[in-house]
Amino acid sequence: MSSTELAWRAGVTIRTGFAEYRAANPPAVVLTTTLPRAVLQCLFFTLLGRAIGGPEGARFAYVGAVALILTLATMASIGDVPMLEKWSGTFYRLQRGVLQPATTFFLRALPWVAEAVVSALLCIVVVGPVTGQGALTVTLLGAFPLYAVMAVTAAATGAAVAAPAVGRRADVLFGNVLAYLTVACCGALIPPGRVALLDAVGTVLPLRNGILAVRAVVAGRPWAGHLLAELAVGAGWALLAWVLYGWQTRRAVRLGIDDFA
Amino acid sequence: MSAERWLVTAEVVGTSMRAQWADMRTSPLAYLLGVVQPLVFLLVTLTPQTDPPAAEGTRAAFGVLLTAFWGSTVWSAAGILRRERMQGTLARTLTSVRDPRLVVLGKSFGSSLVAVALVTATVAGTLALLRQPVRLDGGGWLLLGLALVVLSGTGVGLLLGSLFVLSRHGPQLSSALMYPVYLLGGMLVPPDLVPGWLGWPSWGISLRWLQQYLVAAAGGRLDMPALLAAGALTAGYAVAGAWLFRRVTDLARRQATVELY
């Protein structure tokens, strides 16, 4: 397959992903419920941080809460991408396709990554000023590319966790448990060093190193090492997702089942 | 109302409760919102603090209980009528001999009972795991408060359930309704931390008064104004819900959209 043809196929797949997203999430719903919910969640955790730890607690929580918003689309909801094939009974078409099913799912998940990125940006520009953290808002805007990287690593994790869930109709359970586990273990709201078990689990989850990178930017410390660690964790989950979807596909062909059953 | 009518009413409500419990056993949301969410919220609230005193542990415990309860109530309210639609029983319920509001009332009550039980058990277990001291004086008054929590959830379930009859975007609506109450309900985020112009809606949220009442009761003090406010609001929700449900279902039947979503 030539690079031109590959680019065309990728483009069609991405456009299909956006069409699917728009069908399930019309702009009116996104603007009136999805995005406001993200902002309110970020505000809630920031104010919770203030209630627990005063102004310093609010600063700590604000940086982490923006990252947690990324999990709404990339962990709790991204399971809809493979699930749609199951609901529609069209997975057998992906098996016969030119692109690998894993590639198709990754490309169709891009709207969810876009939603996460837009939500995070909105949270930064609204929650910071509302909670009297204007200076930190400017710093976080400068560090926004790190949040964008975290959106991708979180999506890779969400996609990997969705793979075994699809065949068990457990996408809602798996995705949300992953999201809550990330809330507890990624260091967004609970400072590292408080609970050893949470720290240990957090080392293999996305967002932890990305949040450390953002905190390093805020504190004026080196952040590149944390960014590389975040990319490594995301790459690991992406590889796992690739392996799992490939295994599911071969198993479906071998056993004559077409829908991850 | 004659004795026979009371018996039939009780039978309809009781059967609806049992049907709701059967649905909840297979629903991941019941465990997500009844176990995972309160566990994570309690960790996030208590572990950043160093040796929080019993008073703070008590405040956090009831705050998390009510916060998780609200989340569970909102999702249950959407799920009740959505499942009726999916199971093809909504139209039959609406056109049956008995008042359809009894079915929604029974299911909401059943859902609230399970939510309170699950969340209370999770909170108690997590506090034990963290070895967090709490103060729980005023046993009878506490039980009264918890009973009012269940009734409040029932009333809200009836009120919110009406909204979900007319919308196909129930999950998005539920998602959007969670955080305004988390923020304004005075449960985990004290009302004085919310910007002044946003503070007034909390006066109409029964959970705010329940939080105030339960924390006072746990400390051995009876806060009668808070109890009365919570009771009045609960009754208001039930009356408004009963009225709105009838109006909305009549509208859906006129528009022939009862089975569409």
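A few comments on the model shown:
- Of interest is the spacing of the C-alpha centroids, which for region B:3-34 and region A:91-154 amounts to 40 Å.
- Kirkwood hydrodynamic radius over Cα pairs of chain B, then Stokes diffusion coefficient at 20 °C and 1.002 mPa s, in µm²/s: 113 µm²/s
- Exposure rule at most 15 other beta-carbon atoms within 10 Å, DSSP loop trypsin sites (Lys or Arg not before Pro): chain A longest free segment: A:1-95
- Computed over region A:155-261, Kirkwood Rh from alpha-carbon pairs, angstrom: 15.2 Å
- Simple rule: put +1 on each Lys or Arg Cβ and -1 on each Asp or Glu Cβ in the protein assembly as shown, find the dipole, and look at B:Val150, A:Thr32, B:Leu102; the Cα lying farthest toward the positive end is B:Leu102.
- Of the residues in region A:36-80, those shielded by at least 10 Å² of accessible area once partner protein chains are present, compared with the chain alone at a 1.4 Å probe, are A:Arg37, A:Leu40, A:Gln41, A:Leu43, A:Phe44, A:Phe45, A:Leu47, A:Leu48, A:Arg50, A:Ala51, A:Ile52.
- Helix B:3-25 and the longest principal axis of the C-alpha atoms of chain B enclose an angle of approximately 70°.
- Here's the picture: a label point sits 7 Å out from the Cα of A:Ala229 along the beta-carbon direction, and within region A:137-169 the residues with their amide nitrogen under 16 Å of it are A:150.
- Of the solvent-accessible surface of region B:1-54, computed with a 1.4 Å probe over protein heavy atoms with every protein chain present, carbon and sulfur atoms account for 64 percent.
- 10 Å binning of all Cα-Cα separations within region B:16-134, expressed as whole percents from 0 upward: 14, 40, 24, 15, 7, 1
- Calculated [θ] (222 nm, deg cm²/dmol) that DSSP helices of n ≥ 4 give over the protein assembly as shown, each run adding -39,500 (n - 2.57): -25500 deg cm²/dmol
- Relative contact order of chain B, pairs being alpha-carbon contacts under 8 Å that are 6 or more residues apart, as %: 26 percent
- 20 Å reach of a label modelled at B:Ala147, 7 Å along Cα-to-Cβ, counting backbone N of region B:63-78: B:66
- C-alpha long axis of helix B:100-130 to longest principal axis of chain B, angle in °: 20 degrees
- Counting every C-alpha pair in the protein assembly as shown, the share spaced more than 36 angstrom apart comes to 35%.
- Per residue value of the accessible surface for the protein assembly as shown (all protein chains in place, 1.4 Å probe), Å²: 42 Å²
- Within the protein assembly as shown, A:Cys185, A:Cys186 have no other Cys Cβ under 4.7 Å of their Cβ and so lack a disulfide-compatible partner by this rule.
- For a paramagnetic label modelled on B:Ala232 (point 7 Å from Cα along Cα→Cβ), amide N atoms under 19 Å away belong, within region B:130-149, to B:145, B:148-149.
- Environment charge of B:Ala240, counting only residues whose C-beta is closer than 13 Å and scoring Lys/Arg +1, Asp/Glu -1: +3
- The Rg/Rh ratio for region B:132-245 is 1.01, where Rg is the radius of gyration of the alpha carbons and Rh is the Kirkwood radius.
- DSSP H segments from chain A that extend 24 Å or more along their own axis, Cα-based, with Kyte-Doolittle mean of 0.5 or above: A:35-71, A:110-130, A:144-166, A:224-255
- Heavy atoms of chains A and B lose about 2800 Å² of accessible surface on contact, summed over both sides with a 1.4 Å probe.
- Neighbour cut-off at most 15 other Cβ (10 Å), DSSP loop, trypsin sites (Lys or Arg not before Pro), region B:207-261: B:Arg221
- Between the helical axis of B:54-86 and the longest alpha-carbon principal axis of chain B there is an angle of about 10 degrees.
The values are calculated or read from the model by the stated rules, or taken from the named source; none is laboratory data. All values reported here derive from a predicted model rather than from experimental measurement. So basically every Cβ, Gly included, is an ideal-geometry build from the backbone, and we count neighbours across all protein chains shown. The protein model used for the area step is the full one, side chains on, heavy atoms only, and it has no ligands, DNA or RNA in it. Shrake-Rupley method; radii C 1.70, N 1.55, O 1.52, S 1.80 Å.
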